[in-house]
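Inspection log for the structure reproduced underneath, given as structure tokens.
We did not get these values from a lab; they are worked out from the coordinates using the rules stated. On a predicted model such as this, the values are computed, not experimentally measured, just so you know. When we count neighbours, we look across all protein chains shown, and the Cβ atoms used for this are built from the backbone with ideal geometry, even at glycine.
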Amino acid sequence: MKKVLAVFMSMLMFMQLGTMSQATENSNKLTESEWETLYSSLVDENTLPALNVGADETQVNLCWHADKSTAKAQVKVSKNADMSDAKIFEGETTPAENDLQLVCRVTVTGLEEKTKYYYQWNIGGSWSDTKLYETKSFGRHKAMVVGDIQITESFYDGGTEQKADGLRWNNLLAEAVEKNPDIAYLVSPGDNTSTGETAAEWQTLLMPETLRSLPMGLAIGNHDKKGMTYEYYTNMPNEYYGRNFRMLDRDFWFRYGDVLYMFYDSTSGNAPDHRAFTKEAIKLNPDAKWRIGVVHHGIYGAGDCIGDMETEILLKTIFAPIFESFDLDLVITGHTHSQGRSHFMNNNKIVEKAPSGGTFTDPKGVLYINANSNCGRPTDESYEADWLAYSFLKNDTPTYTTLDFNGDTMTLETFRGDNSELLDSVTIKHSEEFKDKSFGNVLKRVLYKVVEVIGWVYTKIDYLVRDIQNLKEDGGLFGKKKLKF
Ligand SMILES: [Fe+2]
């Protein structure tokens with residue numbers, strides 16, 4: 001009997017070991033040497049596809065570079081792994097940042113929830129390897145937030161930092177998605193790249209295999225704004241250019257289930273267009289239960305936004321009244337490389353305290369969450385600010401936040417990026433419809449006209465200063481080079 005039991009136990013252990021090794025094999029987490037191999041094989045190209053959020057949950061956008069002579073904006077989609085019964089989606093090609101390639105952009109439509117789709121993109125006369133994109137529930141689902149991905153350029157150190165950023169990013173994504181398989185898309189509050197000038201920053205950002213099945217909504221940050229590559233490596237839906245935006249400046253929105261996301265370019269002080277964008281996005285989505293703002297700069301965040309004149313005066317003046325008067329529930333920010341979360345804020349005051357672990361029904365203010373940085377450049381700024389309900393002091397450790405939308409309830413949970421230890425959580429509950437006709441909000445919207453004028457003047461001055469700087473860099477009015485964007 002003992003022998004039989006021993007054989008049985010051995011078989012059980014063998015099966016368990018087999019399962020464990022299978023789990024490791026299926027993980028997208030990589031060791032340093034595995035990442036080194038992958039990075040080295042891909043870093044000299046710029047043709048990896050970006051999977052971006054679509055206009056709504058039934059759509060997804062793709063964007064990639066291809067050789068100019070053979071580029072075709074086509075994506076093939078099938079429910080079968082052998083690509084039988086596939087449908088081809090056509091998009092458009094536009095000029096790239098170089099003369100040898102074109103940018104291909106395609107929107108895939110008609111996606112069903114909780115369905116496996118296999119897809120290929122046209123890589124210039126032939127199809128790519130087949131990738132799997134599995135849609136999640138269109139009802140209850142999770143979003144994932146990562147701040148300042150900020151893949152470093154490789155000008156000065158031959159790519160050492162870039163490689164390290166890429167590995168950290170790869171393993172953060174793998175950790176989050178493996179622990180939260182119901183994550184439907186990723187939200188980045190900007191500074192996706194460090195200089196915004198090199199293809200390798202985007203190529204490294206797009207290397208993680210997890211991203212072949214995780215659409216991203218990427219805000220524009222001040223580092224992205226240093227160059228123009230965001231223009232060529234993204235395909236965001238519902239982009240809004242307004243009347244005064246120019247170059248990279250833009251806002252955009254997307255809808256997923258009950259949630260409306262509005263992404264703002266907080267490097268632009270263009271108040272009239274930010275307000276008009278908000279009004280339009282909400283008008284087109286009157287039934288959205290949740291309104292989420294995404295901006296790069298850390299308004300009511302942790303870290304170096306505290307006491308910063310630009311954030312304290314300009315950005316709070318321009319953005320906070322929009323968020324408050326249009327009844328946003330949550331605003332996601334980054335920039336400071338410091339994880340933190342505010343209490344509920346209105347009129348620059350705490351209107352309701354929001355300690356970790358609490359559930360808050362119909363709060364009268366806006367909650368702000370400030371995401372940490374992926375790029376491993378900690379800041380040592382003070383965290384003393386009355387508005388902070390929570391801050392994570394070990395800001396050299398990557399973090400991620402999940403937003404769990406479940407009908408009338410939204411739960412934010414922030415985790416360590418290396419082991420998914422829970423750091424902070426808070427739940428908001430809606431028990432009634434939005435009160436966007438309240439007298440206080442209407443008055444705030446009327447008074448905002450003054451801010452619009454100030455923002456418009458600021459934007460014009462900002463553009464003038466940038467033009468003068470570009471002229472100086474390019475040798476003056478009669479210099480040989482053309483103006484930079
Ligand atoms: Fe930034």
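Size of the chain from its Cα atoms: along the principal axes, largest to smallest, the extents are 84, 59, 45 Å. Placing +1 on each Lys and Arg Cβ and -1 on each Asp and Glu Cβ, with no other charges, gives region 141-439 a dipole about its Cα centre of roughly 660 debye.
Could you list V43, V108 so that the one with the fewest beta carbons within 10 Å of its beta carbon is first and the one with the most is last? Working shown, then result.
On the way: V43 18, V108 21.
By the 10 Å Cβ count, ascending: V43, V108.
Peptides 183-193, 86-96, 49-59 ranked from most to least packed, by the mean per-residue count of other Cβ atoms within 10 Å: 183-193, 49-59, 86-96.
According to the calculation over all Cα-Cα pairs in region 40-195, the P(r) per 5 Å bin from zero is 2, 8, 14, 18, 19, 19, 13, 5, 1, 0 %.
Using the alpha-carbon positions of region 153-275, Rg (one decimal) and Dmax (whole number) come out as 15.4, 45 Å.
When the pairs K364/K429; K279/K316; K279/K349 are compared against a 22 Å limit on Cα-Cα distance, K279/K349 fall above it. For K136, the aspartates and glutamates whose Cα falls under 15 Å of its own Cα, not counting residues fewer than eight places away in the same chain, are D56, E57, E112, E113, E178, D182, D258, D404.
The C-alpha atoms of region 258-305 occupy a region whose extents along the principal axes are 37, 23, 11 Å, arranged from largest to smallest.
Of the peptides 138-149, 214-225, 110-121, the order by per-residue mean of other Cβ atoms within 10 Å, starting with the highest, comes out as 214-225, 138-149, 110-121.
For the residue pairs K142/K179; K29/K226; K131/K225, the alpha carbons lie more than 23 Å apart in K29/K226; K131/K225.
Using DSSP H assignments, which helices in the chain have an axial alpha-carbon span of 24 Å or above and a mean Kyte-Doolittle hydropathy of 0.5 or higher? Please list the in-between numbers first.
On the way: long enough: 2-26 (36 Å, 0.53); 160-179 (29 Å, -0.89); 439-473 (50 Å, 0.16).
Both cut-offs are met by 2-26.
For the chain, what does -39500 (n - 2.57) per DSSP helix run (n ≥ 4), summed and divided by total residues, give at 222 nm, in deg cm²/dmol to the nearest 500?
Here the helix-only value at 222 nm equals -8500 deg cm²/dmol.
Counting every pair of alpha carbons in region 58-134, the share spaced more than 15 Å apart comes to 53 percent. Dipole of region 58-134 computed with +1 at Lys/Arg Cβ and -1 at Asp/Glu Cβ about the Cα centre; of F89, G110, H65, farthest Cα towards the positive end is G110.
Comparing W253, L173, Y300 along the charge dipole axis of the chain, the residue lying farthest to the positive side is W253, per the Cβ-charge model. Using C-alpha pairs under 8 Å with a sequence gap of at least 6, the mean separation divided by the residue count of the chain gives a relative contact order of 13 percent. For trypsin sites (Lys or Arg not before Pro), the sites in region 326-428 that DSSP calls loop and that have at most 12 other Cβ atoms within 10 Å are K353, K394.
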